[in-house]
Structure formats: C-alpha cells, structure tokens
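No lab work stands behind these numbers, since they all come straight from the coordinates. Keep in mind that this is a model prediction, so the values were computed, not measured. Ideal geometry is used to build each Cβ from the backbone, glycine not excepted, and the neighbour counts take in all protein chains shown.
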Amino acid sequence: MTDRMKGIPRSPRMDGSGMKAMQIRCVVLAGGVGAAKFVEGLARVADPSRLTIISNTGDDVELHGLWISPDVDTMLYTLAGIADPDKGWGIRGDTFETLDALGRLGEETWFWLGDRDLATHLFRTRLRAEGRMATAITRRIAKRLGVCATVLPMTDGSVRTMVRTTQGDLPFQEYFVKHACLPDVVDVRFEGAESSVPSPDVLRAIESADVIVIAPSNPIASIGPILALPGICHALKSARAPKIAVSPLVGGRSIKGPSDRMMSAKGFSPDAIGVANYYRGLIDGLVIDRLDVAREPSIRTLGLDVLVTDTLLTSADRKTALAKETIEWANTFHDQHRHSRQKPVLC
Ligand code: FO1
C-alpha cells in the first residue's frame, strides 16, 4: 500500500486498517524528514489528539523577508497529509513560479520555496509582526491545516544552529542546502540557546507524557538544539515517562544527511553506539536497526536497553510498524522501573 493511500487518520479512534489507536500521551522530540516519517506512522497507531511533537527550530531561516520554520512545517504538512512524498519536505504538487520570478529579480533562489508553501511563510511572518509567539502561530496553522496532533516549536525564543566548517561558519540551511553539506564540519553550536527557554507547553507536555520518544533525527543538528535549551534535560530526567530514542544511524552511517559527520565532529562515533553515548543518561532504551545487531552488546554495557528491528522507513507499512513496536516496547518500561540513573553526557 502506498503512503498516499494510507492517509493520516483524522479520527482519534481508528486508523485505516481498523487497528485500535493506542490511548497514550506520547511526546516526540523531532526535527527533519526522518522524524516526520516516524510521526506519520505514530499518528496511525496512537491517538493523534494525544500526540505532541516538540519540534526543532534551530533550522529556522529568514529569506525574502519571510520567517521560515522548515522542521515545524515538514511535521505539519506530513500530519496534514499534504507533504511532498518524494522530497519529504514542502507541499505535494507545489509549483515554483514565485521563486522563478524572484530569481528574475536577482534574488537568491537556492532555498526552494513552493508557491503554496510560501502562503505558510507569509501567514507566519504576518502573525509574528503582529507580536504573536511561535507556539500560538503554529497552533493556528495546525488548526487551519486540520492537524489533530499538537506541534510545539521547542521555544518561543530565537535559536540558530550554526555549523563551523573548514570554509567558515554557516547558518544551518546555508550549510545543508546552499552548500549541499559539502564543507567539512568542525563544530555545531546553537546560538541563542542559553538565553532562550522551552515554552511552558513544552515543559507541561514532557511532564505529563506517558511515553517520550526521540525520533530518528540528526542527534546533533535536530535534537541538539532542543536539548541545549535550559531546563529541558532536567524536565526529561524528571519525567515519569519511559524515554526511548530511535537511532538515525544505520550500519555506521546516516541514512540521509550529515548526522554521521556531525557526530564525528562532536567526538561521538558515527554509529548506533555513538547515538547511545550521546543520549546516555537521558533515555532508557535505544531502537537500532537489524544491521547493527553486532553493536547491541556495547550499547547494553552503557546501561541502555535495546530493541533491534527494521528501522528504515521506506513504506507506509514500515512507518506504522516501527512506531507500533517502539511504543509497545516503551510501555514495557512502565512495569520494569528501569529508568537510567546515569549522569547524562549532554547536560
Ligand atoms: N531542503 C533541501 O534540500 N533543499 C531545499 O531547497 C529545501 C527547501 C525547503 C523549503 C521549505 C521547507 O520547509 C524545507 C525545505 N528543505 C529543503 C528541507 C530543509 O532544509 C530540511 O528538512 C531541514 O531543515 C533539515 O532538518
């Protein structure tokens, strides 16, 4: 069955297959296309009205006078069932007439903004100019798009992910899109993180969650900015929910994107063991791919439980299956009281 046929359920009761939706409050830390694919599956197995996504905003960029929040929008479009299925970002069937026209005016066109996608950026920028916060703006966009789940920007403050490369410092989107991740990464930092705070909605969601999942996102560039916010690590450690991460690194490399290079730049091995070390002390368990089964014993020695399964999100069925396995596994931790007591590496 194709992704398009298996749409995101609007009803909180059942998904398209007749499977009963799990009635749990699930919180996902997310950023990028991998996270959106995972959440797409999650929204089919868990009641979407109880699903909260805490989205990275370190990737936000201002272009053509517009405030663009790619990770938030990728999640919203995916949950609304309108995401471009090939690219994973942007809107299905979008056109690029405005961008072409901007190009003719001599403006930069390296960041592909579709005509329909531009409506979101115009709307967000206008509301911000009126003094509204990112959380309220996102809630309004989600409602207009018919998204049942709650998508929360990680903060109402301003955090910018900067990539230090051998060719100089680059804002994330310039490194990722304009320079196609080609410059060698030396370091990644999150400007403004120390002076920003997680929104009250974010802290409340973490506190009241039944299960917390760190999506298969770039640990450094997508999850790093969330964890860099003062108070987030404390909130995660204090939360009663089991905490599970899904490794985005498979077979010692990124499935897509620069996660592996960024892990190396930050001193972590670019594989599932590196991911385990990065999240150690924050999570109870790590989901790894079957290709990484040989790495399982090393991860267990770090005090983490491990679920070995197929993590490649190549079809609607795989997205649903991974989400279901992850949540069912996380639920077993409630009984076991096996929360990690180790000091986190990150905070
Ligand atoms: N990714 C690209 O590789 N090229 C683009 O031109 C591009 C444009 C774009 C526009 C809106 C949007 O919401 C996302 C867009 N992305 C593009 C994806 C984005 O760079 C990445 O998904 C994330 O920032 C990485 O987490």
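So the values come out like this:
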read-out: Binned Cα-Cα distance frequencies in region 186-343 - 5 Å width, integer %; value: 2, 9, 18, 22, 22, 17, 9, 2, 0
read-out: Fraction of beta bridges assigned by DSSP in the chain that are antiparallel (%, nearest 5); value: 40 percent
read-out: Over region 111-198 - Rg/Rh using Cα atoms and the Kirkwood inverse-distance radius; value: 1.04
read-out: Most mobile listed residue (Ala43, Ala30, Ala129) in the chain, GNM with C-alpha springs under 10 Å; value: Ala129
read-out: Most mobile of Asp184, Asp260, Asp284 in a GNM of the chain (Cα contacts under 10 Å); value: Asp184
read-out: Beta bridges per DSSP with both ends in region 44-169, % antiparallel, nearest 5; value: 60 percent
read-out: Within a Gaussian network of the chain (alpha carbon springs, distance under 10 Å), most fluctuating of Asp100, Asp47, Asp117; value: Asp100
read-out: Intensity falloff of the chain expressed as log10 I(q)/I(0), Debye formula with alpha-carbon point scatterers, at q = 0.10, 0.13, 0.14, 0.15 Å⁻¹; value: -0.55, -0.98, -1.15, -1.34
read-out: The chain, helix-only ellipticity at 222 nm - DSSP H runs n ≥ 4, -39,500 (n - 2.57), divided by all residues, nearest 500; value: -10500 deg cm²/dmol
read-out: Part-to-part distance (alpha-carbon centres) for region 84-162 and region 252-326, which is given in Å; value: 30 Å
read-out: Per-residue Cβ neighbour rank within 10 angstrom, fewest leading, Met262, Met162; value: Met162, Met262
